[in-house]
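Remarks on the structure that follows.
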Amino acid sequence: MSYVKKRSVLPVYFIGAVWLLWALLAPLYRPTHYVMAALASLAAYFLGKMLFPDKGYEVGGAPGAAQAAPGPEQKPQSTGNPEIDALLDERAKAVSEMRRLNDSIKDVKISAQISHLETTTGQIIDAVVEKPAKLPQIRKFMNYYLPTTMKLLNAYDRMDSTGASGANIDGTKEKIEEMLGTICVAFSRQLDALYGEEALDISADITVLEQMLQQEGIGGMTLGGQ
């Protein structure tokens, strides 16, 4: 926060009023007249400062900097499907928290693993948003794997931020570090599983196409007929 002072212009108007009234009601043809008028206007200025002082107020950010847009991430627009809307909301919360943890935890390996988890989580949810029929496939992921992973990362962050060392702290951190590698593999497998049906369909299409080409006598030929 920075403090900005806004000067009142009314005391300046007091000076103008004194000169105007002096010109109308008192002589202004000798140097002493001007000196007296200047002294009177100075007194009027200080009187105006007392009656209408400068006002100060606080603004966010550095002095002179433009106000930034609100920090919190905006809530995703409704898709019309309450379950998908809830899924998008959970993704926004999870991704935001992963980014915070990634900034807080300084370990390079763990930071890379968090980045992988963030990317994979987004891809998993994007796949379901594109095809809501896949939602049952990620129930366990959303209800257990993701929240448990966030719990472990937060525990690591809290212990790491203390800077303390001991059997409990070091042992717990080591267990979480070992587990993160397995978690990354589990997240990747969850993403791969979402494309299992498409992979089977494509495999079937390739098999049928190969059989048709073989019937035409061109099976196994490379491009260009070689």
Limited to the range 104-131, what total is found for residues that are touching a Ser or Thr at 6+ places or on another chain (Cβ under 9 Å) and either more than 14 Å from Ser188 (Cβ to Cβ) or not assigned by TED's automatic domain parsing to the domain that holds Asp160 (or both)? 3
The condition from (1) more than 23 Å from the chain's Cα centre (by Cα); (2) in contact (Cβ under 8 Å) with a residue 60 or more places away in the chain that Ala127 misses is numbered (1)
Checklist (1) surrounded by fewer than 17 Cβ atoms within 10 Å (Cβ to Cβ); (2) assigned to a helix (DSSP H, G or I); (3) among the hydroxyl-bearing types (Ser, Thr, Tyr) applied to Thr149, failing item: (1)
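The values are calculated or read from the model by the stated rules, or taken from the named source; none is laboratory data. Note that this is a predicted model, so its numbers are computed, not measured. Note that we place each Cβ from the backbone using ideal geometry, even for glycine, and neighbour counts take in every protein chain shown.
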